[in-house]
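Colleague: This is the structure I have questions about; it appears just below.
The values are calculated or read from the model by the stated rules, or taken from the named source; none is laboratory data. Owing to the predicted nature of the structure, the values given are computational and were not obtained by experimental measurement. So basically every Cβ, Gly included, is an ideal-geometry build from the backbone, and we count neighbours across all protein chains shown. Only protein heavy atoms, including side chains, enter the accessible area calculation; ligands, DNA and RNA are left aside. Shrake-Rupley method; radii C 1.70, N 1.55, O 1.52, S 1.80 Å.
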Amino acid sequence: MKRKTNMVVPTEFEKEVYEGLTHSPKHLSSKYIYDSYGDRLFQEIMDMPEYYLTNAEHQIFNSHKEEISNIFQNGNEKFKLIELGAGDGRKTKILLEQLVKDKANFKYQPIDISHSVLAQLEAAIQNEIPEVCIETLQGTYFEILNRINIENGTKKVILFLGSNIGNLLHDQAIDFLNHLRDFMHDDDLLFVGFDHKKNPQTVLNAYNDPAGITSDFNKNILARINREMDADIDLDQFLHWEVYDPESGTAKSYLVSKKDQSVFIKKLDLKINFNAWETIHTEISQKYDDHTVEWLAEQSGFQIEKKFVDTKGYYQNYVFA
Ligand code: AVI
């Protein structure tokens with residue numbers, strides 16, 4: 001008879017924490033910043049005056065909503081409006097209101113990993129724009145897109161807003177776009193937001209607010225390790241540090257150890273030593289120029305149909321087909 005073993009399978013988060021903190025130099029993935037507290041902090045970031053991205057995309061939607069609505073509808077064609085990582089949907093509401101006004105024949109399908117984010121979004125849409133037919137879909141992007149594609153052949157318009165693409169390295173962005181294209185048919189569209197290069201100080205300020213919200217957001221990855229893996233990391237002994245390279249357009253976030261210290265992660269039975277001023281790289285927020293966006297589109301087999309720019313030239317929304 002086989003003996004039963006009591007094997008506990010590590011989560012993806014646990015595996016990546018182990019790999020990232022035993023690697024030299026240390027790194028952690030920004031996707032793990034987002035639990036319900038991280039989601040709340042990100043909403044606070046979007047309200048900060050320094051975080052120009054939200055206002056810029058908001059302004060593009062307000063100024064061009066009629067034209068964007070027409071592009072999505074392509075002559076009153078029925079479509080599914082699928083949003084990847086919808087969050088609180090605050091900018092999307094501008095487009096939803098316009099589509100309702102235009103009597104567009106569509107269903108709004110926001111996808112998010114978080115149940116609570118989707119529940120809040122659904123309640124807000126039902127309350128504020130009850131005419132919108134909304135179906136929230138909980139899971140990972142590609143899992144859900146697979147399911148949607150099997151259902152039927154209705155045209156899809158996919159939204160990937162807020163420069164979420166900027167949290168991917170170029171190679172990862174190309175893989176992601178290529179994978180998305182596998183789920184798209186000839187008349188489907190991808191509407192994607194790219195944050196553009198600008199005065200480097202403006203970029204740095206957006207990721208370095210004096211109130212320390214971005215610092216709390218960045219440190220939430222350590223707070224999650226404490227909460228979920230029973231670790232003893234003293235958050236005050238780490239410094240949030242942002243750098244921006246205006247040549248490559250890459251903003252990078254780090255957590256820097258203020259002293260020689262060790263932390264113990266009980267769930268992983270792992271002790272990690274830090275030298276004073278040793279770094280953990282946590283996030284990239286890529287800024288683009290036209291040439292780079294064109295290159296990304298070409299590398300992933302997309303055509304650029306149209307682009308919209310805000311008045312300051314900070315940010316662009318592209319229609320990829
Ligand atoms: C979600 N993402 C596009 C944000 C960004 O700008 O990279 C996350 C963020 N990190 C710090 N502030 C905001």
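Colleague: So the check is Cβ under 8 Å with 6+ separation or different chains; which pairs have a first residue in the stretch 226-243 that's at negative phi and small (Gly, Ala, Ser) and a second one that's surrounded by fewer than 15 Cβ atoms within 10 Å (Cβ to Cβ) and in a strand (DSSP E or B)?
Modeller: 231/264
Colleague: Could you check how many residues of the stretch 252-265 are open to solvent by 40 Å² or more (accessible area, probe 1.4 Å) and either farther than 25 Å from residue 10 by Cβ or touching a helix residue (DSSP H, G or I) at 6+ places or on another chain (Cβ under 7 Å) (or both)?
Modeller: Residues flagged as open to solvent by 40 Å² or more (accessible area, probe 1.4 Å) and either farther than 25 Å from residue 10 by Cβ or touching a helix residue (DSSP H, G or I) at 6+ places or on another chain (Cβ under 7 Å) (or both) within the stretch 252-265 amount to 5.
Colleague: Are any of the residues in the stretch 187-206 at pLDDT below 95, open to solvent by 60 Å² or more (accessible area, probe 1.4 Å) and among the charged types (D, E, K, R)?
Modeller: yes
Colleague: Any chance you could count how many residues in the stretch 176-209 are over 18 Å from residue 55 (Cα atoms) and within 14 Å of the ligand (Cβ to nearest atom)?
Modeller: Residues in the stretch 176-209 being over 18 Å from residue 55 (Cα atoms) and within 14 Å of the ligand (Cβ to nearest atom): 1 in total.
Colleague: Considering the stretch 282-303 alone, what residues qualify as being out of contact with any strand residue (DSSP E or B) (no Cβ under 6 Å at 6 or more places or on another chain) and of a type outside the set (Phe, Trp, Tyr)?
Modeller: Hits for the stretch 282-303 are 289, 290, 291, 292, 294, 296, 298, 299, 300, 301, 303.
Colleague: Do we have residue 26 as away from the ligand (no atom under 16 Å from the Cβ) and either open to solvent by 30 Å² or more (accessible area, probe 1.4 Å) or under 26 Å from residue 116 (Cα atoms) (or both) here?
Modeller: No.
Colleague: Please return the ranges of helices (runs of 4 or more DSSP H) entirely within the stretch 90-158 where 1 or more residues are at pLDDT 95 or above and acidic (Asp, Glu).
Modeller: The qualifying helices (runs of 4 or more DSSP H) are 92-101, 115-128.
Colleague: Taking the conditions exactly as written (surrounded by fewer than 17 Cβ atoms within 10 Å (Cβ to Cβ) and acidic (Asp, Glu)), does residue 77 satisfy them or not? It would help to see each step written out before you state the result.
Modeller: On the way: surrounded by fewer than 17 Cβ atoms within 10 Å (Cβ to Cβ): yes; acidic (Asp, Glu): yes.
The answer is yes for residue 77.
Colleague: Tally the residues that are open to solvent by 10 Å² or more (accessible area, probe 1.4 Å) and within 16 Å of the ligand (Cβ to nearest atom), restricting the search to the stretch 164-175. Explain how you work it out, then say what you get.
Modeller: Kept after step one, since they are open to solvent by 10 Å² or more (accessible area, probe 1.4 Å), are these residues of the stretch 164-175: 164, 167-172, 174-175.
Pick out the ones that are also within 16 Å of the ligand (Cβ to nearest atom) and you get 164, 167-170, 172.
Total satisfying the criteria: 6.
Colleague: Can you tell which of 72, 79 is farther than 13 Å from residue 309 by Cα, more than 10 Å from the ligand (Cβ to nearest atom) and in contact with a Ser or Thr (Cβ under 8 Å, 6 or more places away or on another chain)?
Modeller: Of the residues listed, the single one that is farther than 13 Å from residue 309 by Cα, more than 10 Å from the ligand (Cβ to nearest atom) and in contact with a Ser or Thr (Cβ under 8 Å, 6 or more places away or on another chain) is 79.
Colleague: Continuing with this model, one more query. Within the stretch 68-89, which residues are more than 27 Å from residue 140 (Cβ to Cβ) and not in a loop (DSSP other than H, G, I, E, B)?
Modeller: The answer is 69, 70, 71, 73.
Colleague: In the set 159, 145, 118, which member is touching a Phe, Trp or Tyr at 6+ places or on another chain (Cβ under 8 Å), more than 23 Å from residue 284 (Cα to Cα) and crowded, with 19+ Cβ neighbours inside 10 Å?
Modeller: After ruling out the rest, the residue left standing is 145.
Colleague: Which numbered condition trips up residue 216, out of (1) within 12 Å of the ligand (Cβ to nearest atom); (2) touching an Asp or Glu at 6+ places or on another chain (Cβ under 7 Å); (3) open to solvent by 30 Å² or more (accessible area, probe 1.4 Å); (4) charged (D, E, K, R)?
Modeller: For residue 216, the failing item is (2).
Colleague: Identify, please: which residue in the stretch 29-74 is open to solvent by less than 20 Å² (accessible area, probe 1.4 Å) and β-branched (Val, Ile, Thr) and is, among those, farthest from the chain's Cα centre (by Cα)?
Modeller: This residue is 68.
Colleague: Restricting to the stretch 6-62, and then to whatever is touching a strand residue (DSSP E or B) at 6+ places or on another chain (Cβ under 6 Å) and charged (D, E, K, R), can you tell me which residue is nearest to residue 207 (Cα to Cα)?
Modeller: Checked the stretch 6-62; the qualifying residue nearest to residue 207 (Cα to Cα) is 57.
Colleague: For the stretch 41-67, which residues satisfy the criterion of being over 24 Å from residue 141 (Cα atoms), within 16 Å of the ligand (Cβ to nearest atom) and of a type in the set (S, T, N, Q)?
Modeller: Listed by number, the list holds a single entry, 55.
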